[in-house]
Amino acid sequence: MIKKQLYRFYKFIKKPYNVILSVLLIVLGYLTLFPMLTMIKDTFTVHVSESMRLKQAAGTFTLNHWLKVLFDPSSLSVFYKPFLNSLVTSLGACLVALVFGGVFSWLITRTNIRWKKALSSLFIFPYIMPSWTLALAWFNVFKNSVVGGVPGTFQALTGIEPPNWFAYGAFPIALVTGLHYAPFAYIMIGGVLRNMDANLEEAAMMLKTKRNRIVRKITIPMILPAVLSTFLLVFSSAMSSFAVPQFLGLPVRYQVLTTQLYRTLNGINPGQGYCIAMIMILLSVGILAFNQRMVGTRKNYTTVTGKSSNISLVNLKKARNVISVIALILIVIVSILPLVSFALESVILRPGDYSPSNFTLQFWIGTAEENSIANNEAGLLRNPNLWKALWNSLKLSIICAITAGSLGFLAGYGIVRGRGTKLAKVVDNLAFFPYLMPSMAFSVIYLSMFSTRHGPIPALYGSFFLLVLIGTVKYMPFASRSGINSMLQLSNQIEEAGEIIGVSWPKRMGRLVIPIQKSSFISGYLLPFTSCMRELSLFVLLVTPQNRVLTTLLFQYNEKGWSQYSNGINLMIVIIVLVVNAVVNKVTGASIDKGIGG
Amino acid sequence: MKTVRLISVMMVLLLLALPVFANGQTETTSAKVEEKVMTHDEMVEAAKAEGTLTVYTYSSRTTKIGDAFTAKYGIPVEVTQLKDTEMIEKVSKEAAANLDAADVVFCQDGSRVIPELVYTNYVTAYIPENISGHIVDAEFENPLVFEAMPKVFIYNNEDVTEQPLTNIWQLTEPEWKGALQFKDPFSEAVNMNFFAMITREDWAQKIADAYKSYYGKEIQLTTKNAGYEWIKAIYNNGCVLGKSDTTIGENVGAKGQHRNLVGLFTLNKMRNAKSKDLALSPAYGMEPFSGFMYPAYVFVAGNAKAPNAAKLFIEFAFTEEGWKPFNLLGDYSPVDYLSDNAEDDLTIVDWKNQLVWEDPAWCAESRADVEEFISSIV
């Protein structure tokens, strides 16, 4: 009996993917399940900040939070209304992303539109930039007299005051979020359109089927799974986005779940906040499960068949130039204009005044003595604090990218090879969990988890390693998704062939799997890097003065109201990310879009 | 079989997890600030031996106190700026784990600082010798207030010759519909504390009296008291929530708008009003208040690794040299020899008389009710 058990164990352990999965199960279990359990516990206990009011000791069991969130007269405004608003804006964002991204991907892959290359790389920009850049731009252009101050650009130019529904609330939130995630749609739908077997369409063509009938009966059904995936991805991302609704909803007090979460976590009732977070997590898990089921039934995931010939492109004829120009203008507005506005805002003395005399470079190159308007803070390029923070940010982002990317790839390998086993399923979900956890809650829990020694795990607080750890865990979902996608595309037979002739596992990985999937392997590093560079709330609690990062500096300047400095740092962050992406893309052929869509 | 193995792994994980849950109850064995009386020179010597001093603060200007302190005593200072919530979380978690983190803590938001940091002994007040007997009001002493900052109703004065606001109930009238702006109290704790304060019975009574003096009749309550009633009324009159006091100041004060506009924001934004070409005036002497004033406290961290340097730093912050970065319009010191503000004729007491002063104990008790009330106003 024992022998049999041992033999089973030996067989289990001999498969590298089982080892990978088991290790990941333990590590991720500790690093993700634990915060989850802590959070669940916090929804049922009295928090220190409310102990005085409830006249109960902190840590006592209570049902109060759940009752208040779900079954109280105030639940309507605390939970149900924001919930409804979240649904509305997220669905709206899906619609925008699908229409904008879908039409664009069709134009690029199936028509003879001009400047394909430029348009295609510019289109990804909004995703690389922080989501609120577009929100900020919208606000600056369309703000009306509700908030007062200098009129928005649109009103200044046309004299027409944009109505409230247009300037703030559901409409712009949905639109801006949709535009931000439109690259998802482009990448996924475009990927299918580019790679799908053209034989079907050609066959229809030979039977002289009308073009719009082909589109209706063949193209659309073919891309439907990609549309569905995009829908779910955009929907859950939009549900959890915070910056855009906070920016565009506040003037008219339009609350969604995330802003409500922020308010409760920031107020003195974190328990209620955790309840809302739990509901959001459940919702996302539901969506995820649905997505997995859909993708799971789509057995044939292989997109590279080598059979498809070049499908004839739709000739836009006379409309070609017009459509090309319109597409270019739209994309420039969405992708380039925010950058220009950052640059502009960092070189003007008094905000809102664009006359030549108001321009200055002092916020970039001024010495401390010259900058009396900003409390004698040296210009960005002369500021030692900035250089230190920049170095820290780069170091952190690169290390996080390497660890998250590598682990994610291994996770992807393990999950795909161990497909069908419970273990793989559990690890798959564990690796995705951190994506659903609100950053702020995540870092609060990490702070208490790692501030003291627990068994073999020392107190990591204050160390650079802890920042790396939380960044790795939080961004691994991106890498593991892309790892899974790329492994799904890779036929099992290749590795099996190596296995049969006795090639060792490290060699199989190093010589076969990784080289074949090189570009999507490297893409798995780009998303964690990008996200890490622009992350604030995840790190702000855990940094110490020695390892301050760029975004914490940005926050400080923002708080002081020195918009020139914060705009300047913003510009730097976006440019660094763009340059790194471009260089990696040039050198290895990997790109961020391969990371998302696979 | 596999399931069994999975379950056992899970169990192990849960067991590993237990110490973390137990964490909240652990006693802090914080090094008590020494009771022995030292001479000043001894304190300086002891401070120098302690190495780098770590300061947590709400204000970036603390860095300047740090620079001056280093120049004077040769003790290096490291300053970290934190938002209110982060401050509370960081200080309490670090103290609970008995980590060598902060030495000096400058913080605001009394409603959380008092119960979560002071009652727990994570931080302790220290009153340096140079200010004893110089604090102008007993309310600034316990816990020790480093500075007080007024947030005042400040209006756009481009088209007016006379102060248009004299009673807070005007803000609930159609002429001021959509005219009032302030920072979302859910992201600015001291604003929430202000709303909590005016629901206290004495303030509610004053608000009811102001109602009578403005309308000539008694207030009809639909809520608990006149304080709640006024909060509801301004929210229902379309007040606009802003992101930061800086932008609110710019939005209220921008010229060429020609309509009623008023913000409840920090007085120090008046400093740049001229250079930014903004038309702003504070509304003095409104009935029953012109806004509110909130304290920023200074403490020695309970487990400070440089307790003497921390004391020396606090002492230094209350000298003319240390106060210098704060000697500006909108910041008021509670000690008499620093109260002569460079840019303003009013003292901390003058302001306190026309503003709502934050009482941390009341705020700690009532703030959750007020938060709930405000989030239920749609």
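Any read-out appearing in this document is the output of simple, stated calculations on the displayed coordinates, not a laboratory observation. Being a predicted model, the structure only gives us computed values, none of them experimental. With ideal geometry, Cβ positions are generated from the backbone for all residues, glycine too; neighbour counts draw on all protein chains shown.
Points to keep in mind about this one:
- Farthest toward positive dipole pole in the range A:65-313 [+1 Lys/Arg, -1 Asp/Glu at C-beta], among A:215, A:169, A:250: A:215
- Here the protein assembly as shown was treated as a single set of alpha-carbon atoms; its pair distances binned every 10 Å from 0 give 2, 10, 19, 23, 20, 13, 7, 3, 1, 0, 0 percent.
- For residue B:287, residues with placed amide H under 5 Å, excluding near neighbours: B:167, B:168
- Distance between modelled label sites at residue B:134 and residue B:209, nm, 7 Å Cα→Cβ extension: 3.5
- Shape category assigned to the range A:401-522 from the gyration tensor of Cα positions, a/c cut at 1.5: prolate
- Residue by residue, the range B:101-107 carries 3J(HN,Hα) couplings of 10, 6, 10, 10, 10, 9, 8 Hz when phi is fed to the Karplus relation 6.51 cos²θ - 1.76 cosθ + 1.60 (θ = phi - 60°); x denotes Gly or Pro.
- Within 10 Å of each Cβ in B:369-377, the average number of Cβ atoms from other chains: 5
- Taking label points 7 Å from Cα along the Cα-to-Cβ direction, residue A:425 and residue B:163 give a separation of 7.1 nm.
- Two-site FRET efficiency, residue B:125 against residue A:499, from Cβ-Cβ distance with R₀ of 51 Å, rounded to 0.05: 0.15
- Whole-Å distance, taken between Cα centres, linking the range B:169-210 and the range B:305-326: 35
- Comparing Cα centroids, the range A:213-267 and the range A:71-141 end up 7 angstrom apart.
- Within the range A:65-313: Cβ-based charge dipole about Cα centre, in debye rounded to nearest 20 (Lys, Arg +1; Asp, Glu -1): 860
- Theoretical FRET efficiency, 1/(1+(r/R0)^6), r = Cβ-Cβ of residue A:224 and residue A:199, R0 22 Å, to 0.05: 0.75
- For the protein assembly as shown, the dipole from Cβ point charges (+1 on Lys and Arg, -1 on Asp and Glu) about the Cα centre works out to 7860 debye, to the nearest 20.
- Here the extension length gained between residue A:514 and residue A:465 equals 14.9 nm, from 0.36 nm per residue of separation less the Cα-Cα distance.
- Residue-wise HN-Hα coupling along the range A:531-547, computed from phi with Karplus coefficients 6.51, -1.76, 1.60 (Hz; x: Gly, Pro): 5, 5, 4, 9, 7, 10, 5, 5, 9, 4, 6, 9, 7, 10, x, 5, 10
- Between the amide H of residue A:348 and those of A:360, distances stay under 5 Å, these residues lying 5 or more places away or on another chain, with hydrogens modeled in the peptide plane.
- A cut-off of 5 Å between modelled amide H atoms, ignoring neighbours fewer than 5 places along the same chain, links residue B:357 with B:293.
- Each helix, a run of at least 4 DSSP H residues, gives -39500 (n - 2.57); summed and divided by the residues of chain A, these come to -21500 deg cm²/dmol at 222 nm.
- Lysine pair count for the range A:65-313 with Cα-Cα distance under 27 Å and sequence separation of 8 or more or different chains is 12.
- Options B:295, B:251, A:522, ranked by Cα towards positive dipole end of the protein assembly as shown, top entry (Cβ charges): A:522
- Across peptide A:18-27, the average count of Cβ atoms from other chains found within 10 Å of a residue's Cβ is 1.
- Pairs spanning more than 24 Å between alpha-carbon atoms, out of A:474/B:93; A:388/B:64; A:55/B:151; A:3/A:425; A:422/A:507; B:232/B:274: A:55/B:151; A:3/A:425; A:422/A:507; B:232/B:274.
- The simple Förster model, with R0 at 35 Å and r as the Cβ-Cβ distance, assigns residue A:575 and residue B:52 a FRET efficiency of 0.55.
- Simple label model, 7 Å out from Cα along Cβ direction - residue A:116 to residue A:587, nm: 2.9
- Per residue of peptide B:185-192, the mean number of Cβ atoms on other chains within 10 Å of the residue Cβ is 3.
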